[in-house]
Amino acid sequence: MKRFFAFLTLPILLVAGIFLSLPKLIIPQYSPMLLDQNGEILCVQLSPDEKWRLAIPWEQVPLSYLKMLVTYEDKRFYQHPGVDPIALSRALWQWMKNGQIISGGSTLTMQTVRLLNPRPRTLFYKLEEIFQALWLECRYSKKEILSLYMTLAPYGGNIEGLRAA
């Protein structure tokens, strides 16, 4: 009985330890803006890390863009908990079969984690990214994760986010 209990609690303690030891995801600062009395932008400056990064109000995101983003990047975004086991299994199978990466298995949530916390692309950091994506999904709504992604996605040079682009 003790072995059975140890067998069950060890994975739970391991996962809990990983979750508790995850580094905090720091949301970068936005570009300072000067607005007129109607909320229109008069002036924008570079963010402290020298990026053009503007938060986009949810109401200003075209529905067609959202549909395209989810369809192209992560068609099961609304069904998974931050990690898509089907996509990860497919990517792993292709990698093992071909000896090289053919397609990725990252979800929009995992991509958001990578944008928040850029790391080298290694297997160890991919596992950390998976746990951080699960944590992000526990903490934020799907709408908030999409908003973060749309604010941080690179559009070339020092331009980040849909609104800045």
- Taking 1 over the mean of 1/r across every pair of different Cα atoms in the range 91-148, what Kirkwood radius in Å do you get? 12.2 Å
- Using a 1.4 angstrom probe and counting only protein chains, how large is the accessible area of TRP58 in Å², to 10? 70 Å²
- Note on the structure: Expressed per residue, the solvent accessible area of the range 105-165 in Å² (1.4 Å probe) is about 47 Å²
- Task: Leaving ligands, DNA and RNA out of it, rank GLU144, GLU160 by accessible area with a 1.4 Å probe, largest first.
- Result: GLU144, GLU160
- In whole angstrom, and with the biggest value first, how far do the Cα coordinates of the range 18-165 range along each principal axis? 57, 34, 29
- Under the 7 Å Cα-to-Cβ spin-label approximation, GLU59 and GLN79 lie apart by a distance in nanometres of 3.3 nm
- Message: Run the simple label-point estimate for GLU50 and LYS143 please: 7 Å along Cα→C-beta, distance reported in nm.
- Response: 3.7 nm
- Message: Sort 77-87, 28-38 by the packing proxy (mean of other Cβ within 10 Å over each peptide's residues), most packed first.
- Response: 77-87, 28-38
- Report the FRET efficiency, 1/(1 + (r/R0)^6), for LEU42 and SER103, where r is their Cβ-Cβ distance and R0 is 35 Å, rounded to 0.05. 0.20
- For TYR155, the accessible surface traced by a 1.4 Å probe with all protein chains present amounts, in square angstrom to the nearest 10, to 90 Å²
- Fraction of accessible area attributable to carbon and sulfur, the range 15-165 (%, probe 1.4 Å): 60 percent
- More than 15 Å apart - percent of Cα-Cα pairs taken over the range 24-77: 66 percent
- Taking the range 58-151, which trypsin sites (Lys or Arg not before Pro) meet the DSSP loop condition and have no more than 15 other C-beta atoms within 10 Å? LYS75, ARG76, ARG121
- Query: Label points 7 Å out from Cα along the Cβ direction at LEU34 and ARG121: separation in nm?
  - Reply: 4.2 nm
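The values are calculated or read from the model by the stated rules, or taken from the named source; none is laboratory data. Bear in mind the structure is a predicted one, so any value in this text is a computation, not a measurement. Here Cβ is always computed from backbone atoms with ideal geometry, including for glycine, and neighbour counts include all displayed protein chains. With ligands, DNA and RNA removed, areas are computed over all heavy atoms of the protein, side chains included. Shrake-Rupley method; radii C 1.70, N 1.55, O 1.52, S 1.80 Å.
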